[in-house]
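Asker: After the structure tokens below, expect a handful of questions from me.
What follows is calculated from the coordinates using simple rules that are stated; it is not laboratory data. All of these numbers come straight from a predicted model, not from anything done at the bench. Here Cβ is always computed from backbone atoms with ideal geometry, including for glycine, and neighbour counts include all displayed protein chains.
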Amino acid sequence: MSIARRSTLISSSLNNAPIYHMSIYLLPKTVIKELDKVSRTFFWQGVHTKRKYHLVKWIKICKSKKKGGLGIKDIRKMNLSLLCKWWWKLEVESGVWQEIVTYKYLRKDSIALVKHKQKDSPIWADLIKIKEIYLLGTKKCVNNGKTTLVWKYIWLYNYPLCILHPDLFKLCDQKDISVFQLISGEVAISFCRWLTPELQSEWYKIKEDIFDTQLGSDP
């Protein structure tokens, strides 16, 4: 069997077999490692028992064809994407599932502020684990700023402040402060140590841009 046929079989069969579990649970690293091992072995040696050299790193093969790969899906990224979609459905769509989850887990907290509790179900606990990844890829409409986190949401620039200014984020004592809390003066941002002149300059520029933001009345 040619490599082209093997890659087609991997994409259509091996990668799709665990898709149900990947859409509900965060697969352990050991499981993902074993799944990748099965795919790699089949890709390079087919059904033969004789070992063959792996001529290209698997991470390169999993890249899209536009980036020089073969378009075989990365299992870990696919797992994270499928779980992140539940957060998107919870924010954008409405239905019975959204009402149940909101009543059980989000009655007092927003998605950005909800944290893991011991009584959480295994499925919800896995969703909490990947919540930060979802927030990093979500652009938030500020509105009244009460549900928009200063550091972790994409709202002021094209990337979250925690990514653009990681040193400031590490030193900040209020990592979950909302835009409303900062602009209204309800909570002030402080740092765990003195900032260098370069970091002070960064922070002053960020504050200028933040306080130029006009908040609305909608939630």
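Asker: Could you give me the ³J(HN,Hα) list for the stretch 63-74, computed from phi with Karplus coefficients 6.51, -1.76, 1.60 and θ = phi - 60°, whole Hz, x at Gly and Pro?
Answerer: So the Karplus estimates, Gly and Pro as x, are 6, 5, 5, 5, 9, x, x, 10, x, 6, 5, 6 Hz.
Asker: Sticking with this one: Do the alpha carbons of any pairs in LYS33/LYS131; LYS65/LYS131; LYS89/LYS129 sit beyond 27 Å of each other, and which pairs?
Answerer: LYS65/LYS131
Asker: Further question on the same structure: What is the sum of charges around ARG76, taking Lys and Arg as +1, Asp and Glu as -1, for the other residues whose C-beta is under 12 Å from the C-beta of ARG76?
Answerer: Summing Lys and Arg as +1 and Asp and Glu as -1 gives +2.
Asker: Only Lys, Arg, Asp and Glu count, each charged at its Cβ (+1, +1, -1, -1), so figure out the dipole size of the stretch 139-219 about its Cα centre, rounded to 20 debye.
Answerer: Computed charge dipole of the stretch 139-219: roughly 240 debye.
Asker: Pick from GLN200, GLN45, GLN118: which is most flexible by mean-square fluctuation in a GNM of the chain where alpha carbon atoms under 10 Å apart are linked?
Answerer: Per the Cα network of the chain with a 10 Å cutoff, GLN118 tops the list.
Asker: Give me TYR53, TYR159, TYR105 sorted ascending by neighbouring Cβ count inside 10 Å, so fewest comes first.
Answerer: Fewest-to-most ranking of TYR53, TYR159, TYR105: TYR53, TYR159, TYR105.
Asker: Any idea how far the Cα center of the stretch 61-88 sits from the one of the stretch 129-204, in Å?
Answerer: 28 Å
Asker: Report the one residue of PRO18, SER2, GLN98 whose Cα lies farthest in the direction of the positive end of the charge dipole of the stretch 1-136 (charges on C-beta: Lys and Arg +1, Asp and Glu -1; origin at the Cα centre).
Answerer: SER2
Asker: Scanning the chain for helices, which whole DSSP H stretches are 20 Å or more long along the axis (Cα) and average 0.0 or more by Kyte-Doolittle? Please list the in-between numbers first.
Answerer: Details: long enough: 29-45 (24 Å, -0.44); 75-92 (25 Å, 0.09); 197-211 (21 Å, -0.95).
Helices meeting the span and hydropathy rule in the chain are 75-92.
Asker: Sum -39500 (n - 2.57) across every DSSP H segment of at least 4 residues in the chain, then divide by the residue count to get the 222 nm mean residue ellipticity, nearest 500.
Answerer: -13500 deg cm²/dmol
Asker: Tell me the label only: which of [x] 16.0, 49; [y] 22.1, 68; [z] 17.9, 58 is Rg and Dmax of the Cα atoms in Å as calculated from this structure?
Answerer: [y]
Asker: Need one number: nm distance between label points at SER190 and GLU208, each 7 Å from Cα along Cα→Cβ, rounded to one decimal.
Answerer: Reported label-point gap for SER190 and GLU208 is 2.7 nm.
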